[in-house]
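The values are calculated or read from the model by the stated rules, or taken from the named source; none is laboratory data. Everything quoted here is computed from the prediction, not taken from an experiment. Note that each Cβ is placed from the backbone with ideal geometry, even for glycine, and that neighbours are counted across all protein chains shown.
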Amino acid sequence: MMDASPERPGAFFALIGRRHTLLGALAVAALAGTGCNGALGPRTVTLSLEQMQDKVAARFPRRYPLAGLAELNLQAPRLSLRPEQNRLNVVMALEATGAVLRRAHTGSLDVDFGLRFEPGDQTLRATDLQVRALQIDGLPPPVAQVLGGLGPALAQQALREVVLYPLQPRDLAAMERLGVQPGRITVTARGLEIELIPRAQT
(Lines give C-alpha, C1' and ligand atoms only; values in the text may rest on other atoms or scores of the structure.)
Protein backbone atom coordinates (compact mmCIF):
# COMPACT_ATOMS: atom_id res chain seq x y z
CA MET A 1 0.00 0.00 0.00
CA MET A 2 1.41 3.38 -0.95
CA ASP A 3 2.19 5.96 1.74
CA ALA A 4 0.97 9.16 0.13
CA SER A 5 1.37 11.73 2.86
CA PRO A 6 1.92 12.08 6.59
CA GLU A 7 -1.54 13.62 6.73
CA ARG A 8 -4.48 11.63 8.02
CA PRO A 9 -6.19 9.94 4.96
CA GLY A 10 -9.42 11.77 5.66
CA ALA A 11 -8.03 15.30 5.37
CA PHE A 12 -8.40 15.83 1.63
CA PHE A 13 -11.60 17.84 1.19
CA ALA A 14 -12.14 19.82 4.42
CA LEU A 15 -14.76 22.49 3.69
CA ILE A 16 -14.80 25.28 6.26
CA GLY A 17 -16.56 28.44 5.04
CA ARG A 18 -14.70 31.75 5.24
CA ARG A 19 -17.46 33.73 6.95
CA HIS A 20 -20.49 31.46 7.03
CA THR A 21 -20.16 28.20 8.93
CA LEU A 22 -22.33 25.19 8.31
CA LEU A 23 -24.02 26.09 11.58
CA GLY A 24 -25.59 29.16 10.02
CA ALA A 25 -26.67 27.24 6.95
CA LEU A 26 -28.17 24.46 9.04
CA ALA A 27 -30.05 26.88 11.23
CA VAL A 28 -31.45 28.77 8.27
CA ALA A 29 -32.41 25.56 6.53
CA ALA A 30 -34.03 24.07 9.60
CA LEU A 31 -35.82 27.15 10.88
CA ALA A 32 -36.70 28.96 7.66
CA GLY A 33 -36.98 26.04 5.23
CA THR A 34 -34.25 27.17 2.84
CA GLY A 35 -34.64 25.67 -0.62
CA CYS A 36 -37.96 24.05 0.25
CA ASN A 37 -41.43 24.74 1.56
CA GLY A 38 -40.61 24.74 5.27
CA ALA A 39 -42.23 22.19 7.52
CA LEU A 40 -44.23 20.69 4.67
CA GLY A 41 -41.17 19.35 2.85
CA PRO A 42 -37.57 18.21 3.41
CA ARG A 43 -35.24 20.86 4.75
CA THR A 44 -31.97 21.12 2.85
CA VAL A 45 -28.67 23.01 2.82
CA THR A 46 -26.48 23.44 -0.26
CA LEU A 47 -22.67 23.51 -0.49
CA SER A 48 -21.55 25.25 -3.68
CA LEU A 49 -18.92 24.09 -6.13
CA GLU A 50 -16.93 27.27 -5.42
CA GLN A 51 -16.79 26.50 -1.69
CA MET A 52 -15.49 23.01 -2.40
CA GLN A 53 -12.98 24.10 -5.05
CA ASP A 54 -11.34 26.67 -2.77
CA LYS A 55 -10.75 24.13 -0.01
CA VAL A 56 -9.58 21.37 -2.34
CA ALA A 57 -6.94 23.62 -3.93
CA ALA A 58 -5.47 24.41 -0.51
CA ARG A 59 -4.47 20.74 -0.04
CA PHE A 60 -2.23 20.50 -3.11
CA PRO A 61 0.26 19.77 -4.63
CA ARG A 62 0.88 16.32 -3.15
CA ARG A 63 3.27 13.50 -4.05
CA TYR A 64 2.47 9.79 -4.35
CA PRO A 65 4.90 6.92 -5.08
CA LEU A 66 3.75 4.23 -7.51
CA ALA A 67 5.12 0.83 -6.47
CA GLY A 68 8.73 2.04 -6.64
CA LEU A 69 8.38 2.67 -10.39
CA ALA A 70 7.65 6.36 -10.39
CA GLU A 71 6.48 9.25 -8.26
CA LEU A 72 3.50 11.37 -9.21
CA ASN A 73 3.16 14.99 -8.23
CA LEU A 74 -0.59 15.75 -8.25
CA GLN A 75 -1.68 19.35 -8.73
CA ALA A 76 -4.87 20.96 -7.41
CA PRO A 77 -7.96 19.12 -8.71
CA ARG A 78 -10.58 20.77 -10.88
CA LEU A 79 -13.97 19.83 -9.47
CA SER A 80 -17.13 19.47 -11.51
CA LEU A 81 -20.67 18.35 -10.77
CA ARG A 82 -22.33 15.37 -12.45
CA PRO A 83 -25.95 15.75 -11.35
CA GLU A 84 -27.19 13.27 -13.97
CA GLN A 85 -25.17 10.57 -12.18
CA ASN A 86 -25.43 12.02 -8.66
CA ARG A 87 -21.63 12.12 -8.49
CA LEU A 88 -18.69 14.53 -8.44
CA ASN A 89 -15.69 14.53 -10.75
CA VAL A 90 -12.09 15.60 -10.19
CA VAL A 91 -9.40 16.04 -12.82
CA MET A 92 -5.85 16.47 -11.52
CA ALA A 93 -2.88 17.53 -13.60
CA LEU A 94 0.20 15.48 -12.72
CA GLU A 95 3.92 15.15 -13.32
CA ALA A 96 5.60 11.74 -13.28
CA THR A 97 9.25 11.28 -12.38
CA GLY A 98 11.36 8.31 -11.28
CA ALA A 99 14.16 5.86 -11.98
CA VAL A 100 12.30 4.11 -14.83
CA LEU A 101 11.63 7.44 -16.55
CA ARG A 102 14.40 9.30 -18.35
CA ARG A 103 12.66 12.65 -17.89
CA ALA A 104 9.62 14.15 -16.27
CA HIS A 105 6.30 13.43 -17.98
CA THR A 106 3.04 15.34 -17.61
CA GLY A 107 -0.47 13.96 -17.66
CA SER A 108 -3.76 13.85 -15.77
CA LEU A 109 -5.91 11.70 -13.48
CA ASP A 110 -9.69 11.78 -14.00
CA VAL A 111 -11.89 10.29 -11.23
CA ASP A 112 -15.64 10.20 -10.46
CA PHE A 113 -17.00 9.50 -6.97
CA GLY A 114 -20.17 9.39 -4.94
CA LEU A 115 -20.87 10.85 -1.52
CA ARG A 116 -22.07 9.63 1.85
CA PHE A 117 -22.45 10.84 5.43
CA GLU A 118 -20.48 8.90 8.04
CA PRO A 119 -22.30 9.20 11.39
CA GLY A 120 -19.44 7.54 13.27
CA ASP A 121 -17.21 10.61 13.01
CA GLN A 122 -19.79 13.10 11.67
CA THR A 123 -18.14 13.67 8.29
CA LEU A 124 -19.23 14.01 4.69
CA ARG A 125 -17.10 11.62 2.62
CA ALA A 126 -16.36 10.58 -0.93
CA THR A 127 -16.92 6.94 -1.78
CA ASP A 128 -17.27 4.52 -4.73
CA LEU A 129 -14.35 5.93 -6.72
CA GLN A 130 -14.18 5.17 -10.44
CA VAL A 131 -11.08 6.04 -12.49
CA ARG A 132 -12.13 7.44 -15.86
CA ALA A 133 -8.57 7.89 -17.12
CA LEU A 134 -4.93 8.02 -16.03
CA GLN A 135 -2.95 9.64 -18.83
CA ILE A 136 0.80 10.23 -18.80
CA ASP A 137 2.13 11.71 -22.02
CA GLY A 138 5.21 10.44 -23.86
CA LEU A 139 5.77 7.17 -22.00
CA PRO A 140 7.00 4.02 -23.81
CA PRO A 141 3.99 1.69 -24.27
CA PRO A 142 5.17 -0.98 -21.78
CA VAL A 143 5.73 1.61 -19.05
CA ALA A 144 2.45 3.35 -19.86
CA GLN A 145 0.60 0.04 -19.55
CA VAL A 146 2.11 -0.74 -16.16
CA LEU A 147 1.50 2.72 -14.72
CA GLY A 148 -1.98 2.85 -16.25
CA GLY A 149 -2.87 -0.33 -14.40
CA LEU A 150 -1.99 1.40 -11.15
CA GLY A 151 -4.60 4.11 -11.73
CA PRO A 152 -7.27 2.60 -9.45
CA ALA A 153 -4.73 2.11 -6.64
CA LEU A 154 -3.56 5.71 -7.02
CA ALA A 155 -7.13 7.01 -6.89
CA GLN A 156 -7.86 4.92 -3.81
CA GLN A 157 -4.74 6.21 -2.09
CA ALA A 158 -5.36 9.84 -2.97
CA LEU A 159 -9.12 10.03 -2.64
CA ARG A 160 -10.40 6.99 -0.77
CA GLU A 161 -13.00 7.87 1.82
CA VAL A 162 -12.23 11.53 1.28
CA VAL A 163 -13.54 13.83 4.00
CA LEU A 164 -15.54 16.48 2.21
CA TYR A 165 -16.60 18.28 5.38
CA PRO A 166 -16.01 17.42 9.05
CA LEU A 167 -18.87 18.77 11.16
CA GLN A 168 -17.62 21.09 13.87
CA PRO A 169 -18.72 20.87 17.54
CA ARG A 170 -20.92 23.96 17.12
CA ASP A 171 -22.57 22.35 14.06
CA LEU A 172 -23.30 19.19 16.04
CA ALA A 173 -24.67 21.22 18.96
CA ALA A 174 -26.96 23.15 16.63
CA MET A 175 -28.28 19.97 15.01
CA GLU A 176 -28.80 18.44 18.45
CA ARG A 177 -30.92 21.40 19.49
CA LEU A 178 -32.89 21.32 16.26
CA GLY A 179 -33.32 17.55 16.36
CA VAL A 180 -31.95 16.97 12.84
CA GLN A 181 -29.08 15.15 11.15
CA PRO A 182 -27.73 14.95 7.58
CA GLY A 183 -29.65 12.53 5.37
CA ARG A 184 -29.66 12.06 1.61
CA ILE A 185 -26.92 13.85 -0.36
CA THR A 186 -27.83 14.90 -3.90
CA VAL A 187 -25.54 16.42 -6.54
CA THR A 188 -27.39 19.21 -8.34
CA ALA A 189 -26.44 21.90 -10.83
CA ARG A 190 -26.05 24.29 -7.87
CA GLY A 191 -23.81 22.07 -5.70
CA LEU A 192 -24.31 19.44 -3.02
CA GLU A 193 -27.82 19.43 -1.59
CA ILE A 194 -27.85 17.85 1.87
CA GLU A 195 -31.23 16.88 3.27
CA LEU A 196 -31.76 17.45 6.99
CA ILE A 197 -33.87 14.70 8.54
CA PRO A 198 -35.20 14.13 12.06
CA ARG A 199 -32.57 12.66 14.32
CA ALA A 200 -33.02 8.94 14.96
CA GLN A 201 -34.28 8.22 18.46
CA THR A 202 -32.03 5.97 20.56
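Just one of the listed residues (Leu101, Leu94) is touching a residue at least 24 places away in the same chain (Cβ under 8 Å) and either surrounded by fewer than 15 Cβ atoms within 10 Å (Cβ to Cβ) or part of a strand (DSSP E or B) (or both), namely Leu94.
Condition check ((1) at pLDDT 80 or above; (2) charged (D, E, K, R)) across all residues:
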position	(1), (2)
Val28	no, no
Gly35	no, no
Leu40	no, no
Thr44	yes, no
Leu49	yes, no
Asp54	no, yes
Ala58	no, no
Pro61	yes, no
Gly68	no, no
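Would a scan of the range 105-120 turn up a residue that is closer than 19 Å to Arg62 by Cα, among the polar types (S, T, N, Q) and under 13 Å from the mean Cα position of the chain (by Cα)? No, because not a single residue in the range 105-120 is closer than 19 Å to Arg62 by Cα, among the polar types (S, T, N, Q) and under 13 Å from the mean Cα position of the chain (by Cα).
Among the residues of the range 85-100, some residue qualifies, meaning at least one is at pLDDT below 90 and in contact with a helix residue (DSSP H, G or I) (Cβ under 9 Å, 6 or more places away or on another chain). Answer yes or no as to whether Gln130 is in a helix (DSSP H, G or I), modelled with pLDDT of 80 or more, surrounded by fewer than 16 Cβ atoms within 10 Å (Cβ to Cβ) and polar (S, T, N, Q). The answer is no for Gln130. Is one or more of the residues making up the range 146-158 modelled with pLDDT of 90 or more and not aliphatic (A, V, I, L, M)? Checking the range 146-158: not a single residue is modelled with pLDDT of 90 or more and not aliphatic (A, V, I, L, M).
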